[in-house]
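A.B. asks: Let me begin by handing over the structure; questions about it come next.
The values are calculated or read from the model by the stated rules, or taken from the named source; none is laboratory data. The structure presented is a predicted model; accordingly, all values stated were derived computationally and were not measured. Positions of Cβ are generated from backbone atoms using ideal geometry, with glycine treated the same way; all protein chains shown enter the neighbour counts. Ligands, DNA and RNA are stripped out before the accessible areas are found, and what is left, the full protein with its side chains, is counted by its heavy atoms. Shrake-Rupley method; radii C 1.70, N 1.55, O 1.52, S 1.80 Å.
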Amino acid sequence: MWKKVWNYDKIAYGGDYNPEQWPEETWEEDMRLLKLAHINTLTLNVFSWAALQPSEDEYCFDKLDKIMELAKKHGMKVCLATSTGAHPAWMAKKYPEVLRTGINGIKRKFGARHNSCPNSSVYRKFSVRLAEKLAERYKDYDNMIAWHISNEYGGECYCENCEKAFQIWLKEKYQTLDALNHAWNTSFWGHTFYDWEEIVLPDLRSEHMSEEETTAQSISIDYRRFNSESIMDCFRLEYEAVKKYTPNIPVTTNLMGAYKPLDYHKWAKYMDFVSWDNYPSNEDSISKTALNHDLMRGVGRGKPFVLMEQTPSQQNWQAFNALKRPGVMRLWSYQAVAHGSDAVLFFQMKRSIGSCEKYHGAVIAHAGHEHTRVFREVTELGAELEQLGEEILGSTGIAETAIIFDWENWWAIEYSAGPSVNLKYHDEVLKYYTALHSQNIPVDIVSEEDDLSQYKLVIAPILYMTKPGVDGRIREFVKAGGSFVTTYFSGYVEEHDLVITGGYPGKLRDILGIWVEESDALPEHKKNGFIYEGQEYSAELLCDIMHLEGAEVLAEYKEDFYQGTPVITCNSLEKGKAYYVGTRSDEDFYNKFIENICKEQQIKPAAKVPKGIEAVKRVREKEQYLFFLNHNEESEEITLSEAAIDLLTQKEYQKEETLVLPAKGVSILKSQR
């Protein structure tokens with residue numbers, strides 16, 4: 001049974017609106033403009049804590065009452081934020097313990113946002129109290145479709161609150177100091193702990209040489225786990241506060257795609273639905289943005305998500321804040337919908353006149369009227385989404401291919417002292433994802449805990465940390481007939497970042513049928529090479545020197561003292577195959593390699609289309625929706641494989657008929673499953 005994100009019968013369209021920054025006499029004109037643009041949903045109250053609570057015991061909801069009534073009067077749905085992303089100045093003055101301390105050990109003063117210590121009892125008390133008061137006050141508003149807890153949680157804190165909480169967290173995790181000392185290998189450099197209070201946070205005053213360099217990886221990884229859980233606990237406390245009064249209104253917070261500090265796989269377990277903020281640059285690849293969408297759908301266990309923020313025109317924080325070219329805002333909005341979003345929301349509805357976001361794009365520009373290019377494009381898209389109505393809502397993607405993405409693995413790889421400063425987890429994931437995406441092969445992004453049995457191909461780039469049970473799930477997947485792909489620097493350590501002795505790739509060794517003896521780190525200016533199916537490709541970054549233990553050689557190194565040794569292998573294990581790619585290569589190799597495996601496993605693309613056209617499919621019980629997104633600068637022709645109706649033009653197509661898609665154009669074809 002398909003299920004919508006929230007109780008609304010159309011794609012939510014709108015986003016962040018901050019009328020409290022403007023005189024009340026301007027609000028009605030804002031409403032006229034927003035209605036003209038077919039805006040139907042407003043995210044309210046994102047940064048109003050100081051206005052709502054001017055002192056410790058004083059609350060003032062008068063202005064928010066008027067804003068909520070304004071939205072209701074004009075038929076707007078509301079996503080109501082709890083406003084706890086930035087605490088008031090009085091709180092920092094009276095309770096300085098609420099302020100964060102940086103990795104350099106310097107305690108911050110009041111200012112900016114994300115400046116609240118997640119382990120401050122003061123912050124937790126006041127944030128939960130505010131969330132509860134908001135829920136109690138507005139629980140009967142029938143136009144509320146979601147709660148938006150805080151805003152873009154992130155960052156880290158290294159204060160005394162966190163240090164004491166970290167010690168308690170460690171005691172609960174390890175139970176005994178002997179277990180902790182073993183897990184952290186504290187016999188190295190004389191780090192053995194004899195009392196829990198001897199443990200300090202890993203920062204620039206202790207274990208860290210820089211933010212990303214640490215002498216004690218196990219300690220720093222545990223701190224990352226602790227920090228992610230600490231901030232998540234703040235979210236959960238507010239979640240419970242609003243659910244007390246509004247049990248049937250879904251709750252979310254806006255995530256940020258591949259955001260390194262927070263383990264979103266764990267966060268999503270406590271969210272009613274996943275939402276996220278999409279801010280690519282004009283130079284980002286199509287596949288990089290698509291990966292983020294699929295990652296967000298993946299952490300939500302495949303359910304539809306919400307595009308909570310994007311800009312209608314330009315961003316304010318990049319080095320060069322380029323405009324979105326005509327048609328691109330519409331194209332990227334539909335890309336989000338194609339990959340699983342049931343909403344298209346913007347930051348922001350109206351440009352502010354001061355501070356760092358005054359030049360960030362908005363539906364209503366500083367000109368204050370509807371006669372702008374951006375407003376026209378927003379209006380046209382709004383009319384199309386209104387026409388779609390309930391179509392698409394609740395539909396999901398179906399994939400036979402999955403990529404394992406794991407935050408703890410990410411932290412461990414990039415904290416590792418070697419083998420290369422250029423070894424970046426997300427980069428390698430993106431290379432494999434791009435090979436699939438460019439061929440329009442549907443992909444699910446999964447966690448190490450997820451069931452793999454529904455897939456034909458599972459790829460785990462740089463599976464450096466092999467946590468308990470992971471190798472077993474992979475082994476059973478391959479034995480049952482699946483194809484598994486992993487890469488260099490995989491299988492090295494267990495969950496505490498302790499090396500699995502006996503030879504790399506550790507617990508994956510029997511699955512892959514190889515033993516890795518050494519790995520050669522190549523500087524940027526140096527490359528090796530190999531020949532795969534008659535074509536020469538580059539070998540870069542790392543070159544694993546391996547021995548066969550049952551695997552078949554698919555390619556060998558061309559140069560250096562390991563010339564003629566395996567670089568790519570395939571091991572047959574009962575009904576399936578496990579591939580090992582012992583180096584980083586180029587785009588042409590990944591495309592060819594993935595194409596071959598997909599052919600062997602009979603994994604088909606969503607559609608056969610010209611290069612530069614993204615084809616994505618969403619399905620419901622009886623319907624399927626095929627999105628064609630033309631990212632090219634010229635029109636393209638597509639020969640359709642089945643009869644369908646284009647939901648945007650209402651044109652009916654027959655099988656083998658040609659669809660002409662203009663530059664930056666979009667088509668949504670509906671057919672029966």
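A.B. asks: As a check on your grasp of the helix formula, calculate [θ] at 222 nm for the chain: sum -39500 (n - 2.57) over DSSP H runs of n ≥ 4, divide by the residue count, round to the nearest 500.
C.D. replies: -9000 deg cm²/dmol
A.B. asks: Excluding ligands and nucleic acids, what accessible area in Å² is computed for Glu24 using a 1.4 Å probe, to the nearest 10?
C.D. replies: 80
A.B. asks: If I take R0 = 25 Å and measure r between the Cβ atoms of Glu24 and Lys3 in this structure, what FRET efficiency does the formula 1/(1 + (r/R0)^6) give, to the nearest 0.05?
C.D. replies: Values: r = 39 Å, r/R0 = 1.56.
The pair Glu24/Lys3 has a calculated efficiency of 0.05.
A.B. asks: Starting from 0.36 nm per residue, how many nanometres of slack lie between Gln387 and Arg673 once their C-alpha separation is accounted for?
C.D. replies: Values: separation 286, 0.36 × 286 = 102.96 nm, distance 2.24 nm.
Working it through step by step, the gained length comes to 100.7 nm.
A.B. asks: Could you give the distance between the Cα centres of region 364-389 and region 139-206, to the whole Å?
C.D. replies: Here the two parts' Cα centres lie 46 Å apart.
A.B. asks: Another question about this same structure. Across region 438-447, in residue order, what do the Karplus-derived ³J(HN,Hα) couplings come to in whole Hz, using 6.51 cos²θ - 1.76 cosθ + 1.60 with θ = phi - 60° and x for Gly and Pro?
C.D. replies: Working through the residues one at a time gives 5, 9, 6, 8, x, 10, 9, 9, 10, 9 Hz.
A.B. asks: For Lys93, give me every one of the lysines with a C-alpha distance below 27 angstrom, ignoring sequence neighbours fewer than eight places off in its own chain.
C.D. replies: Cross-link targets: Lys63, Lys107, Lys109, Lys125, Lys133, Lys164.
A.B. asks: Sticking with this one: For region 232-291, place one equal point scatterer on every Cα, skip the solvent, and apply the Debye formula. What is log10 of I(q)/I(0) at q = 0.22, 0.24 Å⁻¹?
C.D. replies: -0.91, -1.01
A.B. asks: How much length is gained on full extension from Gln654 to Asp178, taking 0.36 nm per residue of separation minus their Cα-Cα distance?
C.D. replies: 164.3 nm
A.B. asks: While we're looking at this one, here's another question. Which value, in nm² and rounded to one decimal, describes the direction-averaged projected area of the C-alpha convex hull of region 86-221?
C.D. replies: 10.6
A.B. asks: Roll a 1.4 Å probe over the protein chains and send me the accessible area per residue for the chain in Å². Show your work: numbers first, answer last.
C.D. replies: Numbers: 26950 Å² over 673 residues.
I get 40 Å² per residue for this part.
A.B. asks: Now for a different question. Tell me, how many Å apart are the Cα centres for region 395-428 and for region 585-641?
C.D. replies: 23
A.B. asks: Still on this structure, please answer the following. Applying a 10 Å radius around every beta-carbon, put 68-74, 330-336 in order of their mean neighbour count, most first. Can you show the working numbers first?
C.D. replies: Numbers: 68-74: 17.0, 330-336: 22.9.
The most tightly packed comes first, giving 330-336, 68-74.
A.B. asks: At most 10 other Cβ atoms within 10 Å and a DSSP loop assignment: could you name the chymotrypsin sites (Phe, Trp or Tyr not before Pro) in region 541-581 that fit?
C.D. replies: Phe561
A.B. asks: Accessible area of the chain with a 1.4 Å probe: how many percent of it is carbon plus sulfur?
C.D. replies: 49
A.B. asks: Give me the one-decimal nm value for the distance between modelled label points at Arg129 and Lys599, 7 Å along each residue's Cα-to-Cβ direction.
C.D. replies: So the two model labels end up 6.8 nm from each other.
A.B. asks: If each residue of separation counts as 0.36 nm, what is the full-extension length gain between Trp317 and Leu204 once their alpha-carbon separation is subtracted?
C.D. replies: In short, 38.0 nm is gained.
A.B. asks: Identify the GluC sites (Glu not before Pro) of region 602-639 meeting these criteria: DSSP loop state and at most 12 other C-beta atoms within 10 Å of the C-beta.
C.D. replies: Working: sites: Glu614, Glu621, Glu623, Glu633, Glu634, Glu636, Glu637; in loops: Glu621, Glu633, Glu634.
Counting only loop positions with at most 12 other Cβ atoms within 10 Å, the GluC sites (Glu not before Pro) in region 602-639 are Glu621, Glu633, Glu634.
A.B. asks: Write out the chymotrypsin sites (Phe, Trp or Tyr not before Pro) in region 623-652 meeting two conditions: DSSP loop, and at most 10 other Cβ atoms within 10 Å of their Cβ.
C.D. replies: none
A.B. asks: Quick one: what Rg and Dmax do you get for region 550-637 from the alpha carbons, in Å?
C.D. replies: Considering region 550-637 through its Cα atoms, Rg and Dmax are 18.6, 59 Å.
A.B. asks: Let me ask something additional. Rounded to the nearest 0.05, what FRET efficiency is calculated for Trp90 and Ile353 with R0 set to 25 Å and r the Cβ-Cβ distance?
C.D. replies: 0.50
A.B. asks: Starting from the Cα coordinates of the chain, work out the convex hull volume and express it per residue in Å³. Write down the numbers at each step before the final one.
C.D. replies: On the way: hull volume 110.7 nm³, N = 673.
Once divided by residue count, the hull of the chain is 165 Å³.
A.B. asks: Now for a different question. Of Lys94/Lys244; Lys72/Lys303; Lys77/Lys324; Lys507/Lys622; Lys350/Lys664, which ones are farther than 31 Å apart at the Cα?
C.D. replies: Lys507/Lys622
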